[in-house]
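Scroll down for the structure; my scribbles are underneath it.
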Amino acid sequence: MAERIDPRSGTVALVGRPNAGKSTLLNALVGDKLAIVSDKPQTTRNRIVGILTEERGQAVFFDLPGVHRPLHKMNARMMQEVRSALEEVDIVLHLVDAAAPWGGGEAYLFELLGEARSEVVGVLTKIDLVRSKSDLLPLIAGYQERRPGATVVPISAREHDGLEALLDELFRRLPPGPGLYPPELSSTQTERFFVAEVIREKLLERTHGELPYTTGVVVDVFDEGENLLRLEATIFVERASQKGIVVGRGGSMVRAIGQAAREELERLFGARIYLGLRVKAHPRWRDDPRVLAAMEPGGADFSEYLEEPPEDGE
């Protein structure tokens with residue numbers, strides 16, 4: 001007779017500096033692409049929820065924005081999301097890039113997590129970029145100097161190295177109890193939110209400099225027809241010069257963004273898609289509560305704000 005396993009379930013926050021590998025880890029743990037991945041800072045702007053259900057129980061992961069100094073209302077909301085998550089989760093995974101030097105930002109994060117009521121597990125990420133596994137020993141020692149007695153798990157989410165050891169630690173620490181969500185669910189984000197994130201990912205892949213900080217996406221139309229999913233979205237930038245970059249010569253850049261986004265969305269949704277994109281310059285969109293509300297998961301309809309017709313992204 002097989003040994004009965006009492007399920008353990010709870011919430012786990014993924015916290016770290018920008019580019020610490022939080023979104024890559026979330027996708028690897030859940031087995032679905034729930035969060036966009038980019039080497040650009042501030043890629044994750046909202047709390048992304050990923051749900052892993054297995055025989056040991058259910059872990060609900062919160063992929064949170066990278067910890068940074070907030071300069072706009074958008075960034076302040078991002079940091080408030082981090083702080084509120086730290087107050088409610090059962091476990092915090094503190095992700096530290098093993099291939100990058102630790103600076104003042106990491107020191108601030110150690111200080112912030114020192115106030116957390118939840119149990120904190122250190123996670124050294126991107127170990128595939130470290131020359132030798134022996135180089136990890138001083139990093140683990142350095143982490144435990146800052147947080148005596150802490151458990152530190154080295155991983156490479158990209159190579160799926162160390163993930164089982166990390167899950168073992170999590171399920172040992174999660175409280176006993178049934179799952180919080182139905183077992184077939186892998187996320188709580190809306191389809192409209194995923195559309196905006198995929199468009200933003202394709203934009204980040206094709207732009208450089210300050211543009212990643214100053215662009216955002218709102219989905220204006222999500223219309224499920226019998227044979228076609230019709231999507232229209234607005235890409236916000238702050239200046240006319242940035243709009244010119246995103247649109248490109250003769251609309252070439254926005255068409256490339258739209259085509260790449262449409263192809264990935266068709267794979268995700270398993271449906272034919274029309275995707276229309278417009279680009280709008282709004283100097284203060286990162287401080288405009290209406291725009292920010294529309295960009296949140298399940299955000300309000302914002303189409304009445306828009307004046308310019310969409311450009312065909314096909």
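The residue of the stretch 150-165 that is farthest from A100 (Cα to Cα), among those that are surrounded by fewer than 17 Cβ atoms within 10 Å (Cβ to Cβ) and of a type in the set (G, A, S), is A165. Contact map, the stretch 82-104: residues that are over 16 Å from I155 (Cα atoms) paired with residues that are aromatic (F, W, Y), Cβ distance under 6 Å, separation 6+ or inter-chain. Pairs shown: A85/F62. Among the candidates R158, R146, the residue that is farther than 17 Å from L25 by Cβ, assigned by TED's automatic domain parsing to the domain that holds G31 and either touching a Pro at 6+ places or on another chain (Cβ under 7 Å) or not polar (S, T, N, Q) (or both) is uniquely R146.
If I filter the stretch 126-149 for residues that are crowded, with 19+ Cβ neighbours inside 10 Å, under 21 Å from the mean Cα position of the chain (by Cα) and under 16 Å from R17 (Cβ atoms), do I get at least one hit? The answer is yes; a qualifying residue exists. If you scan the stretch 101-124, which residues turn out to be assigned to a loop (DSSP other than H, G, I, E, B) and closer than 26 Å to G31 by Cα? Of everything in the stretch 101-124, just one residue is assigned to a loop (DSSP other than H, G, I, E, B) and closer than 26 Å to G31 by Cα, namely S118. Hey, does the stretch 281-289 have a residue that's closer than 15 Å to F222 by Cβ and either over 23 Å from the mean Cα position of the chain (by Cα) or crowded, with 16+ Cβ neighbours inside 10 Å (or both)? Taking every residue of the stretch 281-289 in turn, none turns out to be closer than 15 Å to F222 by Cβ and either over 23 Å from the mean Cα position of the chain (by Cα) or crowded, with 16+ Cβ neighbours inside 10 Å (or both). Of all residues in the stretch 96-122, those being surrounded by fewer than 16 Cβ atoms within 10 Å (Cβ to Cβ) and under 14 Å from P18 (Cβ atoms) number 5. Among the residues making up the stretch 125-169, those that are in a helix (DSSP H, G or I), within 16 Å of E106 (Cβ to Cβ) and of a type in the set (D, E, K, R) are E145, R146.
S241 fulfils the conditions (1) surrounded by fewer than 19 Cβ atoms within 10 Å (Cβ to Cβ); (2) at pLDDT 85 or above; (3) in contact with a strand residue (DSSP E or B) (Cβ under 8 Å, 6 or more places away or on another chain); (4) farther than 30 Å from A59 by Cα except for a single criterion, (3). Identify, from the list L228, L185, the residue that is out of contact with any Asp or Glu (no Cβ under 8 Å at 6 or more places or on another chain), within 30 Å of E119 (Cβ to Cβ) and surrounded by fewer than 16 Cβ atoms within 10 Å (Cβ to Cβ). When all the criteria are applied, what remains is L185.
For G250, are the conditions met, namely being part of a helix (DSSP H, G or I) and free of Cβ contacts under 8 Å to residues at least 12 places away in the same chain?
Against the criterion (part of a helix (DSSP H, G or I) and free of Cβ contacts under 8 Å to residues at least 12 places away in the same chain), G250 qualifies.
One residue stands out in the stretch 54-88 among those that are at pLDDT 90 or above and in a loop (DSSP other than H, G, I, E, B): the one that is farthest from S132 (Cα to Cα), namely E55. The single condition from (1) surrounded by fewer than 20 Cβ atoms within 10 Å (Cβ to Cβ); (2) in contact (Cβ under 8 Å) with a residue 12 or more places away in the chain; (3) within 30 Å of V153 (Cβ to Cβ) that D168 fails is (2).
Just to be sure, is L265 surrounded by fewer than 16 Cβ atoms within 10 Å (Cβ to Cβ), touching a residue at least 40 places away in the same chain (Cβ under 8 Å) and over 16 Å from T215 (Cα atoms)? Here the answer is no, as L265 does not meet what is asked. Look at (1) modelled with pLDDT under 85; (2) surrounded by 16 or more Cβ atoms within 10 Å (Cβ to Cβ); (3) under 30 Å from P283 (Cβ atoms) and you find that V195 fails only one, number (1).
Just one residue in the set V219, V246, V254 is closer than 15 Å to A294 by Cα and modelled with pLDDT of 85 or more; that residue is V219.
The values are calculated or read from the model by the stated rules, or taken from the named source; none is laboratory data. Remember, it's a predicted structure, so these values are computed and weren't measured experimentally. FYI the Cβ positions are ideal-geometry reconstructions off the backbone, even for glycines, and counts take in every protein chain you see.
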